[in-house]
Amino acid sequence: MTNWYTADFHFGHENIIRFCDRPFRDSGHMDTVLIENLWSRVGSMDDLWIVGDFAFGPKAKDAPYLESLFGQLPGARKHLIIGNHDLQPTLDLPWDSVSHLAEVRDGPKKRAQTLCHYPMITWNRARRGALQIFGHVHNNWLGSRNSVNVGVDVWDFKPMRFEDIERRARSLPVNKHWVDVEHNARGP
């Protein structure tokens, strides 16, 4: 079983193509490619963590459309970390879990990694090397050494394993405010 992380699909959202310079003809094309990319990685026994913004725009209120998309998601368990665009019809889908924040044990040391749609400055066990996994900012920011954006706009529209996220984290700069909030920490 593998945990896969992703964020900011914005299924059905025509304008996100222009706003984030996504390489799709229209939202139908985008939806199809995003689903295909999920299936190319997420296995039948895996967990899929969507770190916010499943759908947006008029279609985000269309329950049959959302149910159809949800029915196409791969994986044994599907989890939603609530984002600012996740409306009640999205929350009502048969997710295995729905929350604003979650801690998921992952990585070689099985540390509790923190998932929240929004980037944070600190979180539980941050001093001990736990990463924070977020979305929300699309292609505006990759993150920092200990807080990584898993949005589709910065991962080739594909979900990522923790190992990929951890590798990217090592290549990112330390957050310049880290010492302000965790001044006794060993550092990320």
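Between the stretch 1-60 and the stretch 126-155, what's the alpha-carbon centroid distance in Å? About 17 Å separates the Cα centre of the stretch 1-60 from the one of the stretch 126-155. Treating r as the C-beta distance of residue 124 and residue 40 and R0 as 25 Å, the FRET efficiency rounds to 0.15. The accessible-area ordering, largest first, of the residues 110, 158 stands as 110, 158, per a 1.4 angstrom probe. In order along the stretch 43-54, the Karplus-derived 3J(HN,Hα) couplings, from 6.51 cos²θ - 1.76 cosθ + 1.60 at θ = phi - 60°, round to x, 5, 9, 8, 9, 10, 10, 9, 8, x, 6, 4 Hz, and Gly and Pro are given as x.
Accessible surface for residue 161 stands near 80 Å², nearest 10, in the context of the full protein assembly shown (1.4 Å probe). Of the beta bridges in the stretch 74-165, as assigned by DSSP with both residues counted there, near 50 percent are antiparallel. The amide H of residue 72, built 1.01 Å from its N in the peptide plane, has no neighbour under 5 Å, considering only residues 5 or more places off or on other chains.
The values are calculated or read from the model by the stated rules, or taken from the named source; none is laboratory data. This structure is a prediction, so every number in the text was calculated from the model and none was measured. Neighbour counts run over all protein chains shown; Cβ positions are idealised from the backbone, glycine included. All accessible areas refer to the heavy atoms of the entire protein, side chains included, with ligands and DNA or RNA removed. Shrake-Rupley method; radii C 1.70, N 1.55, O 1.52, S 1.80 Å.
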